Amino acid sequence: SPATVDHQSWQQLLDRHVVRNADGINRVRYQSFTARDTSQLNAYIDHLAAITPTALSREQQLPYWINLYNALTVRVVLQHPTKDSIRDMKSRLFSLGPWDDELLTIENQAVTLNDIEHRILRPIWQDLRLHYVLNCASLGCPNLSTTAYTANNTPRQLHDAEEIFLRHARAIHFTDAGKLKLSSLFDWYQTDFGADTAA
């Protein structure tokens, strides 16, 4: 399909609210979101939800799903201003977070964050670098990019996100006791990074 998706609105929000810090961690200034910004975020998500992603080329689909996941995560945090952890930002009492909440409808199907990550992105693209580009709204996770993903820049962004995360102490470092410590990301998704834990 020759159809393209416009992510400029998301880029504008990233420009205004995602800040690069000297410690290597990008942070979202949620408190700086105005009502107009929130309306723009909702309109962007609604715009993506109105698209038929299965009619897009693979090159358009990948940034579509990555940007949608990240935008939805930002919206979840904005909807829970009194919560300190994304694990507490949920609609059901006994769930572990918002990842199984039905957040929007696409092609007449209710969609959750877990649907996007585990039923679409991981099985279809089978690219471990996806773990470095999905926003989990936690300081220990890979950065939310300051640049919206597009069909043209996604290959480079995947490469850069992997390199940036792996070079940071959040990913891998030695403790004061000399023990090597890895991010929980590698434990949660071990099957994506390797068949076992052998060095």
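The values are calculated or read from the model by the stated rules, or taken from the named source; none is laboratory data. Predicted model, so just to flag it, every value in this text is computed and none were measured. Please note: Cβ atoms are built from the backbone with ideal geometry, for glycine as well, and neighbour counts cover all protein chains shown. For the accessible areas, the whole protein counts, side chains as well, though only heavy atoms, and no ligand, DNA or RNA atoms are used. Shrake-Rupley method; radii C 1.70, N 1.55, O 1.52, S 1.80 Å.
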Please tell me if ILE25 is within 15 Å of the chain's Cα centre (by Cα) and open to solvent by 10 Å² or more (accessible area, probe 1.4 Å).
yes
Which of the residues belonging to segment 140-177 are assigned to a helix (DSSP H, G or I) and either among the hydrophobic types (A, V, I, L, M, F, W, C) or in contact with a helix residue (DSSP H, G or I) (Cβ under 8 Å, 6 or more places away or on another chain) (or both)?
THR154, LEU158, HIS159, ALA161, GLU162, ILE164, PHE165, LEU166
In this structure, does ALA71 turn out to be under 30 Å from PRO2 (Cβ atoms), touching a Phe, Trp or Tyr at 6+ places or on another chain (Cβ under 8 Å) and of a type in the set (Gly, Ala, Ser)?
yes
Just the residues that are open to solvent by less than 100 Å² (accessible area, probe 1.4 Å) and under 18 Å from LEU139 (Cβ atoms), please, taken from segment 81-98.
LYS83, SER85, ILE86, ASP88, MET89, GLY97, PRO98
Pick out, from segment 5-100, the helices (runs of 4 or more DSSP H) lying fully within it that include 3 or more residues that are polar (S, T, N, Q), out of contact with any strand residue (DSSP E or B) (no Cβ under 6 Å at 6 or more places or on another chain) and touching a residue at least 40 places away in the same chain (Cβ under 8 Å).
58-78
